[in-house]
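Right, one structure below, let's go through it.
The values are calculated or read from the model by the stated rules, or taken from the named source; none is laboratory data. Values in this document were obtained by computation on a predicted structure and should not be read as measured data. With ideal geometry, Cβ positions are generated from the backbone for all residues, glycine too; neighbour counts draw on all protein chains shown.
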Amino acid sequence: MIIVDTHAHASPYWLEPVEVLLFQMNSNGVDKTTLVAINGQTDDKYNRYLIECARRFPGRFSPVILVDAERADAPEILKHWAEEGAEGVRLKVNTRSPGKDPLAIWKAAAELGLKVSCKGRKTEDFADDEFRKLIESLPSLTFIIEHLGKAKPDEAAPYPIYNKTLNLSKFPNVYIKVTGLGEICKRPYPFRDPFYIVEGVPPFVKMAYEAFGPSRMMWGSNYPPSSEIEGYRNTLRYLGEHLDTFCSKEDKEWILGKTALTLFKFK
């Protein structure tokens, strides 16, 4: 089974350099990783670093860069990085361009064939009607919802806000990233292994599975921030154990790797 991590970060001057991520990948049987730009780092030097990581380690990384969407020339900048090898761009769900066309940066991504990793601060951002309208207006653009749509462990069943996000699955160009369980489970004290055995696992992953299906779900470790929650290895281990409780081996293979390979080339 090919395993692909679709949400990890690397930087020469913040968090960890790519060599540390590569060690984690090699130690845990992860074949490929989508390098997602760290929020706020839009400078050329950082985007160049992500591009060079992919070139230094052929076939292992796919760069998802970041641009300052408030600049009038952002679409031209995006085109430059696409020509350099970027396969995606990270945009906040409420990002709008200056000037006459507020959707200029989104349209540029669609024209360039880039995938958009969609960032939100909270569950409500993904459930907002404006995000749905954006998706409706750009059927040729691939939208990838980050962090399981920021599902909140404290939202009460039947989870109306999260369900509104899951309703976006009716659009075939929308995908969702599945996090490690540490982002949705309470951490027990004293510690137990597996840590989720005390409080249990909220049904968010299974709900996403039932809404999107395995071919539009993909695992993202969120390394290195995830190292403060459960650690890189456990983002994969615990999620895999949880998937075994409700999906087939073939579906698990889609979520842990095959879906990502339909979107990213890892040149």
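Within the range 210-240, restricting attention to residues that are within 17 Å of residue 187 (Cα to Cα) and among the acidic types (Asp, Glu), the residue that is surrounded by the most Cβ atoms within 10 Å (Cβ to Cβ) is 230.
Just one of the listed residues (87, 52) is among the acidic types (Asp, Glu) and closer than 15 Å to residue 18 by Cα, namely 52.
Under the condition of being assigned to a helix (DSSP H, G or I), of a type in the set (Ser, Thr, Tyr) and surrounded by fewer than 17 Cβ atoms within 10 Å (Cβ to Cβ), the residues counted in the range 116-154 number 1. Answer with yes or no whether residue 167 is crowded, with 19+ Cβ neighbours inside 10 Å, modelled with pLDDT of 90 or more and in a helix (DSSP H, G or I). The answer is no for residue 167.
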